[in-house]
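**Q** Take this structure, written in structure tokens, and hold onto it; I'll ask about it next.
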Amino acid sequence: MPLKLEIVTPDSMVYSEVVDEVGIPTSEGRIDVLPRHIPVIAKLMPGDIMVKINDQIEHLAVGSGFVEVFGDTISILTDQAINIEQVDDSEIEEAVRRAQDALEEGKKSDLNEAEMNRLEAQIKYAHAQQVARGKHR
């Protein structure tokens, strides 16, 4: 019995597939979702999502958000998501560099706490892309 995985950002539905298993980073730790999983609502942490389809594994990088598991549907609402197979190493390195530079500039100026949190989340997302890319190889 397969699972339906949907990943939605504010801009669009970025992923919608029937899958066999999903590993998700949450604020309570990493959870692995298989068919007939108990209902869950959790805070999604920036990181990599492991998706297993027919013994093939792919990795997606996500930002922060929420995950809901209900029945055999997994819904992920996130501020950012990318299929790591669709970007190259130079794009990932550039994203990490830009995020780190923005945070350093933010520390020099007196940004408010919300803006600093946003910049820190950008860095976590950029690092999630690196981690997912490393697992993809």
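**Q** Any residue that is buried (at least 20 other Cβ atoms within 10 Å of the Cβ) and assigned to a strand (DSSP E or B) - is there at least one of those in the stretch 35-42?
**A** The answer is no; no qualifying residue exists.
**Q** Among (1) free of Cβ contacts under 8 Å to residues at least 40 places away in the same chain; (2) in a strand (DSSP E or B), there is one condition Asp48 misses while meeting the rest; what is its number?
**A** (1)
**Q** Further question on the same structure: Within the set of pairs 6 or more residues apart or between chains, which connect a residue that is closer than 22 Å to Asp48 by Cα inside the stretch 89-116 to a residue that is exposed (fewer than 11 other Cβ atoms within 10 Å of the Cβ) and at pLDDT 75 or above with Cβ atoms less than 7 Å apart?
**A** none
**Q** Given Ile57, Ile76, Ile82, which one is modelled with pLDDT of 95 or more and of a type outside the set (D, E, K, R)?
**A** Just a single option satisfies the conditions, and that option is Ile76.
**Q** Right, something else. One residue is enough: does the stretch 17-25 have a residue meeting the conditions in a loop (DSSP other than H, G, I, E, B) and surrounded by 19 or more Cβ atoms within 10 Å (Cβ to Cβ)?
**A** No: the stretch 17-25 contains no residue that is in a loop (DSSP other than H, G, I, E, B) and surrounded by 19 or more Cβ atoms within 10 Å (Cβ to Cβ).
The values are calculated or read from the model by the stated rules, or taken from the named source; none is laboratory data. Because the structure is a prediction, the values reported are computed rather than measured. We place every Cβ from the backbone using ideal geometry, glycine too, and count neighbours over all the protein chains shown.
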